[in-house]
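A quick write-up on the structure given underneath.
Read-outs: derived from the displayed coordinates by stated rules, not from any lab. Only a predicted model underlies this, so the values are computations on that prediction, with no experimental measurement involved. Positions of Cβ are backbone-derived with ideal geometry, glycine not excepted, and every protein chain shown enters the neighbour counts.
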Amino acid sequence: MDTRPLGETGHESSILTFGAIALDFLDQEDADRMVEDVLAAGVNHFDVAPTYGDAELKLAPKLNERRDEIFLGCKTQERTYYGAWGELHRSLDRLGVDHIDLYQFHALTRYDELDAVTGEYRPEMAQDHDEGALAAFKEAKDEGIIGHIGLTSHGDPSVVRTAIKRIPELETVMFPFNYTLDAKEGPEYDYRSVLDFARERGLGTLCIKAFAERPWPESVPEGERPYGTWYQPYDTPEEIEACLRYALSQGMTSVPSAGDPQLVPAILEAARTYEEMDADEQERLRESARDADSPVPSP
């Protein structure tokens, strides 16, 4: 599988990142088998989070067997100094490791969250000031507990751009990108500006929601959905290949796999056989999605 430099981290990431949330749907034996299959396909970048059910616990056995082969990304939604330290150590325990290669502020979608993370409180905010999660991240990096600092968001693109400006320690950013979003006009869809700005700053770029087609219809209640994804995914091999090729052809470093284990084999195959998409095919895809509903919810 092809690799690309993950910004200026020094790591060469596979063009597919394994979204380890898929492990939460499996028993331990099947989870172990999926990790082996993903590694055999050439994936070297894994992404997990404490909010992904038991995914950390189910990743742990094979992670510890194959630790040298895995660039491990993890996340926290804690925004305070002590909250971030606490969740970092909990993830280390659940994963059974002594360090995490990339630790990320998870799902940062609002300006007040950014203020909390950086400790830059405004006068009208709470009086119980906190240094913010960023201070904990920096200390953990100095101590060698984490290797690099990143951010993930599916929120307003302007918040992500502002975070890149205000957190110079950032080395990677994970955000939505697909041809449906790229076909739409308006600032709420302008993740291309995030991609351009991140690359200008030398950040690694991780593309979430690459395989998202649309929101689930209201006629399909949660318990009856065929996939454990919060969006309705593209699911044929041809559609999956087109989604992956489109995202990577924009210059993304790596594309995390979709969260349902049923989709992982086809995504692995698409990444293994990846070829860049020409400009005409990209335009045809954008045109086909011009009037489609956005698969990314408003923050």
Can you give the translational diffusion coefficient of region 220-286 in µm²/s, computed by Stokes-Einstein from the Kirkwood radius over Cα pairs at 37 °C and 0.692 mPa s?
254 µm²/s
Rounded to whole Å and sorted largest first, list the principal axis extents of the Cα atoms in the chain.
51, 45, 40
Quote the FRET efficiency, to the nearest 0.05, computed for residue 293 versus residue 193 with a Förster distance R0 of 22 Å and r equal to the Cβ-Cβ distance.
0.55
Let's see if you can work this out: charge +1 on each Lys and Arg Cβ, -1 on each Asp and Glu Cβ, no other charges. What is the dipole magnitude of the chain about its Cα centre, in debye to the nearest 20?
480 debye
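For a quick check of your reading of the filter: which trypsin sites (Lys or Arg not before Pro) in region 1-94 sit in a DSSP loop and have no more than 14 other Cβ atoms within 10 Å?
66
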Taking alpha-carbon centroids only, region 210-236 lies from region 238-284 a number of Å equal to 18 Å
Give me the distance in nm between label points sitting 7 Å out from Cα along the Cα-to-Cβ direction at residue 30 and residue 273, one decimal.
2.5 nm
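Subtracting the Cα-Cα distance from 0.36 nm times the residue separation, let me have the gained length for residue 12 to residue 68 in nm, one decimal.
Fully extending the segment from residue 12 to residue 68 adds 18.8 nm.
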Could you estimate the translational diffusion coefficient of region 130-196 from the Stokes-Einstein equation, with Rh from the Kirkwood formula over C-alpha pairs, at 37 °C and 0.692 mPa s, in whole µm²/s?
248 µm²/s
What Kirkwood hydrodynamic radius do you get for region 29-153 when you take the inverse of the mean 1/r over all pairs of distinct Cα atoms, in Å?
15.3 Å
Using amide H atoms built 1.01 Å from N in the peptide plane, name the residues 5+ places from residue 210, or on other chains, whose amide H lies under 5 Å from its own.
177
Please report, ordered by residue number, every helix of the chain (full DSSP H runs) that is 15 Å or longer along its axis going by C-alpha atoms and whose mean Kyte-Doolittle hydropathy reaches -0.5.
55-65, 237-249
Which FRET efficiency value, to the nearest 0.05, is calculated for residue 201 and residue 51 with the Förster distance at 22 angstrom and r the Cβ-Cβ distance?
0.20
